[in-house]
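Report on the following structure.
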Amino acid sequence: MGSEAVIKTVIWEDIIKIHVYPDHIFVLSSANAELVEDHTFEFEELKRLHAFMMELSEGHPLRLVTDTRDVYVKVSTTALKQIAKDDDMNATKIAEALVTTSLPNRLWINFYLNIARPKVPAKAFSNLEKAFEWLRSKNGIKDLSTSRTGTHM
């Protein structure tokens, strides 16, 4: 990632900041830490966010990064299970990297990776540059029945 330029930055519903990088890498982070920390994300809301990103990408499949290093994020376990298995969302993701340095976020990330088991390649990182490197190694939509998940922290 290093000196790589952001193509576009957009704020979604005053709560999520989306940085768009080359190679259809979308980095989600907090636009307002107080709002994020007082909020629990549910499936329908995250589905709307995904649809918004698909508009931004003009239909190109996403390499998705959720960067929670600066904020505590709450996602319902029901939403995590639904996101992991949702065919519409997964059909438009190449892979997803989850970046955190905090234990509370690591707990829901581990639940998502190991219990909910997303259909697309997904991996946890503590470093954004390593997440970008891994995402760029993912060349396209994979067979959703054979994804692999893991942790790199």
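Tabulated data for the structure shown
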quantity: Percentage of interatomic Cα-Cα distances in the stretch 1-84 larger than 20 Å; calculated: 33 percent
quantity: Listed residue pairs exceeding 21 Å between alpha carbons, taken from Lys47/Lys138; Lys8/Lys119; Lys17/Lys85; Lys8/Lys93; Lys81/Lys130; Lys74/Lys130; calculated: Lys47/Lys138; Lys8/Lys119; Lys17/Lys85; Lys81/Lys130; Lys74/Lys130
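Since every read-out is calculated from the coordinates, none of them should be taken as a lab result. This structure is a prediction, so every number in the text was calculated from the model and none was measured.
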